[in-house]
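Asks: Please read through the structure below; I'll follow up with questions.
Read-outs throughout are calculated quantities, based only on the coordinates presented, and are distinct from any laboratory measurement. A quick note: this is a predicted structure, and the numbers were derived from the prediction, not measured. Positions of Cβ are backbone-derived with ideal geometry, glycine not excepted, and every protein chain shown enters the neighbour counts.
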Amino acid sequence: MRNMFIRCLFTFVIALIVGLSIQEAGPQRAAARPQVETGKLKSHIEAVMKRIPTSPGVAVAVVKDDRVIFSEGFGYRDLERKLPVAKDTGFYLASTTKSFTAAAAKLLDEQGKLDLDAPIEKVFPDLKLTAPLSEKQISLRDFLTHRAGISNNAIGLRTSYTGQYDSDLLLDLLAEFSEPRSPEYSYTNLGYVLTGVAMEKATGKTWKQLEKELLFDPIGMTNTTSYASEAKSSGNFAKPYRSKEGEFTELPYKNDQTMHAAGGTVSTAEDLAKWVRVMMNDGMLGDKRIISSRAMREILAPQINQDRGFYKYRRYAYNLGWNIATYDGEEFVHCFGTYAGFRPHVSFMPEHKIGVVVLVNESDESIILPDLIANEIYDHLLGKRALDAAENPLIDEYLRNLERERERSRERASSARNENVANSTPPTSLSGFAGKYINREFGEITVSLREGKLFAEMGNLTSYLEHDSGNKFTVDFLVISPRPLEFDSTGTGALVLDGDRYEKR
């Protein structure tokens, strides 16, 4: 459990990214810079989805200068009911939320309600970190630029997955269970979650209220919300799915308690196109000022260096909420996200004033699909590549790596089955395992017996316990990869989940 939220992506996903990053297909240069032909781009995206049928739905928006030149939905937001994706269908944004949280924090800083450069002890006066960490040496800007030099797995697990927390508990966990790490750039949700808490402490309003008041309402992002319940009650939201060998499994949706300031927004291609317009046009939306020029310069200015590759992008800096990278020699500013069943792509090229939004409701086999579609659009608008899904080396590369990783996944599954088959008879009595188990750092697990089967509940997460051998089981909460769970056989009444011990109460 200690690394549960860090390792939430499957080995399949990581290997697919690496595989697709190794071989960069050279673009087919075109002489002229074409304009977007709506019908042609729509047909191209449909053809890409046909060749790479790994996501039930896709939503795409394209911005040029201060104008939305394309906005369409494709496929399904609900497979069972065959409900289509539209440009105003809500998709969970995961870490793309960071772009809003950072901007809201900067606006509060500009208003004098929050100081991004003061030590966090100013906004958290009762916080006492354990040496060598110090509340006197970390600022909110350090949190927002991933350079705070602090890690805390419990806060990540509770805010992203289980929902077992409140603001005061988060600060207690921060004080008791944090560990030092390098102050160099190191991406994490922690700093943004805590910035959300700081915004609440400083203003008396939740980060959700503040982002609505400061950003969503002024921009006119009418279908954007920080509440999962609102997204679901609208009726027009994309359900999350997992693709495996061409079969789709619906995944659990977020609840309000797991919508946090590092990953707690549902939005649409149409609304995100407005956000990109604001970012590309010095804080303006048409003739309306949303963010001051001074604040925009700070938001988009490099704050810390990095050197990381992701797909075809080379990331070299990070600002307030956005990665700064190059793509095929062009400056490329982006804020992506990943969570079980969702993989948003929001990006823009400042020099060319082109922005692209691609949203999908599958995140395993489609992990790079939004980026591939976005790259196709950029290349087309810059005159570097014609739209052609049939003879396309990027799609060919994607499919080769997809099949390679599917084969590896089959081999891993076969190996796991062989390991467990020798001693697969479960204990004669399962009722003794039922009860509540507590770990001060990571929270509570309730084990129950239903119709002869064991189930584990951990806040927002629920899983059937699949027996492996003896007192050993596998827990699969679906939104994170499966974990080993073992009940203590010494009579102490405890269980160990992914290496962490929970005492029975």
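Asks: Would you kindly state the longest site-free stretch of the chain, with sites defined as GluC sites (Glu not before Pro) in a DSSP loop (not H, G, I, E, B) surrounded by at most 10 other Cβ atoms within 10 Å? Before the final figure, lay out each step's value.
Replies: Working: sites that count: Glu80, Glu245, Glu351, Glu391, Glu451.
Maximal segment without exposed cleavage sites: 81-244.
Asks: If the cut-off is a Cα-Cα distance under 13 Å, which aspartates and glutamates reach Lys232, setting aside same-chain residues fewer than 8 apart in sequence?
Replies: Asp78, Asp256
Asks: Once you sort the root eigenvalues of the Cα gyration tensor of the chain as a ≥ b ≥ c, which label holds: rounded (a/c under 1.5), prolate (a/b larger than b/c) or oblate (the other case)? It would help to have the intermediate numbers written out before the result.
Replies: Working: a/c = 1.88, a/b = 1.22, b/c = 1.53.
Oblate, since a/c reaches 1.5 and b/c is not below a/b.
Asks: Give me the percent relative contact order of segment 431-504, please, defined on Cα pairs under 8 angstrom at least 6 residues apart. Don't jump to the answer; show the numbers that get you there.
Replies: Numbers: 140 pairs, mean separation 17.2, N = 74.
Averaging sequence separation for qualifying contacts and normalising by length gives 23 percent for segment 431-504.
Asks: Sticking with this structure for a sec: Going Cα to Cα from Lys254, which aspartates and glutamates come in below 13 Å? Please leave out same-chain ones fewer than 8 positions away.
Replies: Glu230
Asks: May I ask you to list the chymotrypsin sites (Phe, Trp or Tyr not before Pro) in segment 114-214 that are in a DSSP loop and have at most 15 other Cβ atoms within 10 Å of their Cβ?
Replies: Loop-located and lightly packed - Tyr187.
Asks: Give me Lys64, Lys40 sorted ascending by neighbouring Cβ count inside 10 Å, so fewest comes first.
Replies: With the fewest neighbours first, Lys64, Lys40 line up as Lys40, Lys64.
Asks: For Lys42 and Asp66, FRET efficiency with R0 = 25 Å and r from the beta-carbon atoms, rounded to 0.05?
Replies: After rounding to 0.05, the efficiency reads 0.65.
Asks: Can you pick out the pairs among Lys106/Lys288; Lys106/Lys136; Lys122/Lys288; Lys274/Lys353 whose Cα atoms lie more than 23 Å from each other? Kindly include the intermediate steps, with their values, before the conclusion.
Replies: Details: Lys106/Lys288 19 Å; Lys106/Lys136 21 Å; Lys122/Lys288 34 Å; Lys274/Lys353 13 Å.
Over 23 Å apart, Cα to Cα: Lys122/Lys288.
Asks: Pull up the cross-link candidates among the lysines for Lys472, meaning alpha carbon to alpha carbon under 18 Å and not fewer than 8 places away within one chain.
Replies: Partners found: Lys436, Lys453, Lys504.
Asks: Here's another thing I want to ask about it. What are the trypsin sites (Lys or Arg not before Pro) within segment 83-126 that DSSP puts in a loop, where the Cβ has at most 16 other Cβ atoms within 10 Å?
Replies: For trypsin sites (Lys or Arg not before Pro) across segment 83-126 that sit outside H, G, I, E and B with at most 16 neighbouring Cβ atoms in 10 Å, the list reads Lys113.
Asks: Label Lys82 and Glu444 with points 7 Å out from Cα along Cα→Cβ: what is the distance between them in nm?
Replies: Once both label points are built, they end up 4.5 nm from each other.
Asks: Shifting gears a bit: Would you mind computing, in nm to one decimal, how far apart the modelled labels at Ala301 and Glu245 are, each placed 7 Å from Cα along Cα→Cβ?
Replies: Going by the 7 Å Cα→Cβ label model, 5.5 nm.
Asks: Which chymotrypsin sites (Phe, Trp or Tyr not before Pro) from segment 62-124 combine a DSSP loop assignment with at most 11 other Cβ atoms within 10 Å?
Replies: Sparse-neighbourhood loop chymotrypsin sites (Phe, Trp or Tyr not before Pro): none present.
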